[in-house]
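Before any comments, here is the structure.
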Amino acid sequence: MRKPFVAGNWKMNTDSHSSVNLAKAIVSASVEIAGESVAVAVCPPFVYLQAVTTAISTSSIAVGAQDLYYEQKGAFTGEISASMLKDIGCAYCLCGHSERRHVIGEQDELINKKVTAAISGGLLPILCVGELLEERQANKTTEVVTRQIKNGLAGLSVEKVSAVTLAYEPVWAIGTGLTATPQQAQEVHALIRGLLAEMYDSHLAEEIRILYGGSVKPGNAAELMGQRDIDGLLVGGASLNADDFVAIIQAAV
Ligand code: PEP
């Protein structure tokens, strides 16, 4: 049985005060359900991670980073390693978010190194995949998502892959107000689960969580969560508002 999982990606938003206040507001409004019925994580910007992990350390809400670098330490100016994230109390790390793929230019090979390093460093990676609008229009969704998953998980054993959460986020739905219909999302989630069964085994495919992301709001969360293969939600914009994010957590139970 897959426990629902809702993660909030704050992207490059908040400041030293609002990050802590937002995290505390989410904790106090979700105290009855978070942890018990639904796993919850928030992913603040790097510079506020420590303040947020400290502020909510006694809660059951986990903290994740939005990225990491795959080397352990050394001359990599500006980068942050898995062990540094672990050291300040992070549990999760996004890998291959579409903004890193399409704004920063990250490719599958780099993302695979990041997923691998996250697992080796004791973090739980959330590997994000999803097609561009033109790829969907050219009927390339299956091809793109299959490639991103095969390359993103390359070289990982079934034991290591069990630490991974996948997030299907169609790029055309991220931050645009356009949401994939529950049927469109379910179709890709089922494809991903089938692919994992082929690549690993049916047990892993049934156990692994696959989140949907792309303009999730309190009003569409429950219907998306009602789909068989949607196990949770990765939320951007709406995770910056505690009431909206908590309403999404409630819809996921
Ligand atoms: C995201 O950042 O992963 C995301 C899905 O953003 P939004 O919810 O704003 O579309």
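Looking only at residues that are of a type outside the set (Ser, Thr, Tyr) and assigned to a helix (DSSP H, G or I) in region 225-240, which one is farthest from the ligand (Cβ to nearest atom)?
At the first step, the residues of region 225-240 found to be of a type outside the set (Ser, Thr, Tyr) are 225-238, 240.
Next, from what is left, pick out any that are assigned to a helix (DSSP H, G or I): 225, 237-238, 240.
Working: Met225: 15, Gly237: 3, Ala238: 6, Leu240: 9 Å.
Restricting to residues being of a type outside the set (Ser, Thr, Tyr) and assigned to a helix (DSSP H, G or I), the top hit is Met225.
In region 78-88, is there at least one residue being away from the ligand (no atom under 16 Å from the Cβ), in contact (Cβ under 8 Å) with a residue 12 or more places away in the chain and among the β-branched types (Val, Ile, Thr)?
Yes, region 78-88 has at least one match.
Please go through (1) within 12 Å of the ligand (Cβ to nearest atom); (2) surrounded by fewer than 16 Cβ atoms within 10 Å (Cβ to Cβ); (3) not aliphatic (A, V, I, L, M) for Gly214 and return the number of the only condition it doesn't satisfy.
Tallying (1) within 12 Å of the ligand (Cβ to nearest atom); (2) surrounded by fewer than 16 Cβ atoms within 10 Å (Cβ to Cβ); (3) not aliphatic (A, V, I, L, M), Gly214 fails exactly one: (2).
crowded, with 21+ Cβ neighbours inside 10 Å and under 24 Å from Arg209 (Cα atoms): is that true of Ala7 in this structure? Talk me through it step by step, then tell me what you get.
Details: crowded, with 21+ Cβ neighbours inside 10 Å: yes; under 24 Å from Arg209 (Cα atoms): yes.
When the stated conditions are applied, Ala7 passes them.
In region 184-206, which residues are acidic (Asp, Glu) and surrounded by 15 or more Cβ atoms within 10 Å (Cβ to Cβ)? Explain how you work it out, then say what you get.
First pass over region 184-206, keeping only residues acidic (Asp, Glu): 187, 198, 201, 206.
Listed by number, the list holds a single entry, Glu187.
Give me the strands (runs of 3 or more DSSP E) completely within region 70-178, filtered to those with at least 2 residues that are hydroxyl-bearing (Ser, Thr, Tyr), ordered by residue number. I'd like the intermediate steps shown before the answer.
On the way: elements: 92-95, 124-129, 165-168.
Ranges flagged: 165-168.
Starting from residues that are assigned to a loop (DSSP other than H, G, I, E, B) and modelled with pLDDT under 95, keep the ones in region 3-38 and report whichever is nearest to Phe245 (Cα to Cα).
Step one: of region 3-38, the residues assigned to a loop (DSSP other than H, G, I, E, B) are 3-4, 10-15, 30-33, 35-37.
Okay, now just the ones that are also modelled with pLDDT under 95, so 30-33, 35-37.
Values: Ser30: 9, Val31: 13, Glu32: 14, Ile33: 13, Gly35: 15, Glu36: 17, Ser37: 16 Å.
That would be Ser30.
Quick test for you: out of Ser162, Ser157, pick the one residue that is more than 12 Å from the ligand (Cβ to nearest atom), among the small types (Gly, Ala, Ser), under 18 Å from the mean Cα position of the chain (by Cα) and over 27 Å from Asn139 (Cβ atoms). Before the answer, list the steps.
On the way: Ser157 fails: under 18 Å from the mean Cα position of the chain (by Cα).
The unique qualifying residue is Ser162.
Could you tell me which residue of region 118-147 is farthest from Ile174 (Cα to Cα), considering only residues that are more than 15 Å from the chain's Cα centre (by Cα) and within 16 Å of the ligand (Cβ to nearest atom)? Give the derivation first.
Initial filter on region 118-147 (more than 15 Å from the chain's Cα centre (by Cα)): 120-122, 131-147.
Next, only the ones that are within 16 Å of the ligand (Cβ to nearest atom) stay: 131-133, 136, 145.
On the way: Glu131: 11, Leu132: 10, Leu133: 11, Arg136: 14, Val145: 16 Å.
Going through the qualifying residues, I end up with Val145.
The values are calculated or read from the model by the stated rules, or taken from the named source; none is laboratory data. Everything numeric here is computed off the predicted structure, so don't read it as measured data. Cβ coordinates were reconstructed from backbone atoms using ideal geometry, including for glycine residues, and neighbour counts include every protein chain displayed.
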